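We did not get these values from a lab; they are worked out from the coordinates using the rules stated. Only a predicted model underlies this, so the values are computations on that prediction, with no experimental measurement involved. Please note: Cβ atoms are built from the backbone with ideal geometry, for glycine as well, and neighbour counts cover all protein chains shown.
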Amino acid sequence: MKIQNFKFHESGLNRFFGPLEAKIMDILWDASEMSIKDVQGRIDQEKAVNFNTIMTVMNRLVEKGILQKRSEGRLSLFRPVLSKEAFLETQSKELTHDLMEEFGPLAISHMIDALEEVDDELLAKLEQKIKELKKER
């Protein structure tokens, strides 16, 4: 599942989702599986949001392949297709691939420049990955 509208000027989940979508996803990642009413109850603790609005957003997330929906009697239960960690892993991989495809050497150059701001552990992982890639060639 590839998110089509990445927002560079946002932060966190708001880069991938609208504000209400991001709240819904955070709630479901914490709870695993919930009904629309349960999600509405959590959101209402911060700000009242209409049940139909939440239902529409959750059903759109199902259509996008982000949530799964199952019925238990008359109750619809929703749960994320991927864990939060797996979702972020998939999206960061897609973004990196797209950057490499579109900008190639420029993307690598800017990523290397950004390494000045990372810790030694991340640099060690990068060095190990480069060694592995060289062995494969």
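Listed values, structure above:
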read-out: Estimated [θ] at 222 nm from DSSP helical runs (n ≥ 4, -39500 (n - 2.57)) normalised by residues in the chain, nearest 500; value: -19000 deg cm²/dmol
read-out: At most 11 other Cβ within 10 Å, DSSP loop - trypsin sites (Lys or Arg not before Pro), region 63-111; value: Arg74
read-out: Charge dipole magnitude, Cβ of K and R +1, D and E -1 - region 84-136, Cα centre, debye nearest 20; value: 280
read-out: The chain: relative contact order in percent, alpha carbon pairs under 8 Å with at least 6 residues between; value: 19
read-out: Per DSSP, loop chymotrypsin sites (Phe, Trp or Tyr not before Pro) in region 1-69 with at most 10 further Cβ within 10 Å; value: Phe8
read-out: Residue (of Gly18, Met58, Gln45) at the positive-pole extreme of region 1-67, dipole from beta-carbon charges; value: Gly18
read-out: For region 84-136: lysine pairs under 21 Å (alpha-carbon distance), excluding those fewer than 8 apart on one chain; value: 7
read-out: Nearest-20 debye value, the chain charge dipole, Cβ charges on Lys, Arg, Asp, Glu; value: 740
